[in-house]
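Contents: one structure, followed by commentary.
All of the numbers you see were taken from the coordinates with simple rules; none came from a lab. All values derive from a computational prediction rather than experimental measurement. Cβ placement follows ideal geometry from the backbone for every residue including glycine, while neighbour counts extend to all protein chains displayed.
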């Protein structure tokens, strides 16, 4: 998937991904009222409005962006119907030729991690294999260490899929843990010295190790890293230290980061990351005053983001 992702980015000249993270508040009144009129004030109504909303956006951006990134929590909130909306969204995006990054942030060990890795490896039922989730990549949480990551790397080893490990997230309080100085494994004193790496660098080193045997044709690993756009100096530092890590970059737009903040995230060839925008694209219709332009407004915002990003490549 890492080679397909790079090739898709270069074909479209667009290193961006649209985050499909809908909320009821984002849904236009006409769409919301139609679903509630048909299904009542139910989780099924929300699932239907999310699906219609997502499909309208996908129909208007599939030819200009390489990928979408649905956040599963937005759908799981509504139980069985919400999960169905997630699955139908990823299926529809795939049918339109989009790559799908499932923002699921899974993390556990042993058989539980193997079950989570089924998002990528699929499931086998009575000798028949199914890819139920239609995801090309997912996000994973490294907090449990190597035991929590190996089931995922094992799952993608022989598949054209990838994972993105949370390394330095875009939220302000990430510093409470991720910026702490790392203590050497097995240290009983817990002391650090002035040359110690922050935890996010330690996690990046591990991420590089976990993907060291999964390098694609362009020199990037199938084990990528989530690095927030809201930390431009960190992104530039990590790019210099880890040229094989491909970055999934949240924090652009609504969270405050600009295209200029991302200049150091790319390598000298203009490769190395894909930048996410969720609200800035899927809620762009709220800024328009001409009727009901959900898809048109999303396309306009996506093209503007593309223009801004290409200026720093």
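General observations
- Placing pseudo-labels 7 Å out from each Cα toward the beta carbon at residue 24 and residue 77 gives an inter-label distance of 0.9 nm.
- Overall form of the stretch 68-158 per C-alpha gyration tensor (a/c, 1.5; a/b vs b/c): prolate
- Nearest-ten-degree value, helix 43-61 long axis tilted from longest Cα axis of the chain: 80
- From least to most packed, judged by other beta carbons within 10 angstrom and beginning with the fewest, 12, 51 follow the order 12, 51.
- Highest-MSF residue in the chain out of 213, 260, 176 [GNM, Cα springs under 10 Å]: 176
- Residue list for the stretch 145-170, given a label point 7 angstrom along the Cα-to-Cβ vector of residue 215 and an amide N cut-off under 20 Å: 153-154, 156-165
- Anisotropy class of the stretch 231-313 from Cα gyration tensor, a/c 1.5 cut: prolate
- Angle in degrees between helix 294-310 and the longest Cα principal axis of the chain, rounded to the nearest 10: 30
- Most mobile listed residue (72, 101, 281) in the chain, GNM with C-alpha springs under 10 Å: 72
- Alpha carbon centroid spacing (whole Å) that separates the stretch 65-105 from the stretch 266-287: 17
- Global form of the chain, assessed from the alpha-carbon gyration tensor, a/c cut-off 1.5: prolate
- The chain: angle of helix 199-210 to the longest principal axis, Cα-based, in degrees nearest 10: 90
- Whole-number percent relative contact order across the chain, with pairs defined as alpha carbons under 8 Å at least 6 apart: 19
- Going by neighbour counts of Cβ atoms within 10 Å, the residues 39, 252 line up, fewest first, as 39, 252.
- Theoretical gain in end-to-end length, residue 13 to residue 180 [0.36 nm per residue, Cα-Cα removed]: 56.4 nm
- When 287, 77 are sorted by how many other C-beta atoms sit within 10 angstrom of their C-beta, beginning with the fewest, the order is 287, 77.
- A Förster distance of 45 Å, applied to the separation of the beta-carbon atoms of residue 241 and residue 38, puts the FRET efficiency at 0.25.
- From helices alone, the chain scores -12500 deg cm²/dmol at 222 nm; the rule is -39500 (n - 2.57) for each run of n ≥ 4 DSSP H residues, then divide by the residue total.
- Taking label points 7 Å from Cα along the Cα-to-Cβ direction, residue 64 and residue 91 give a separation of 2.8 nm.
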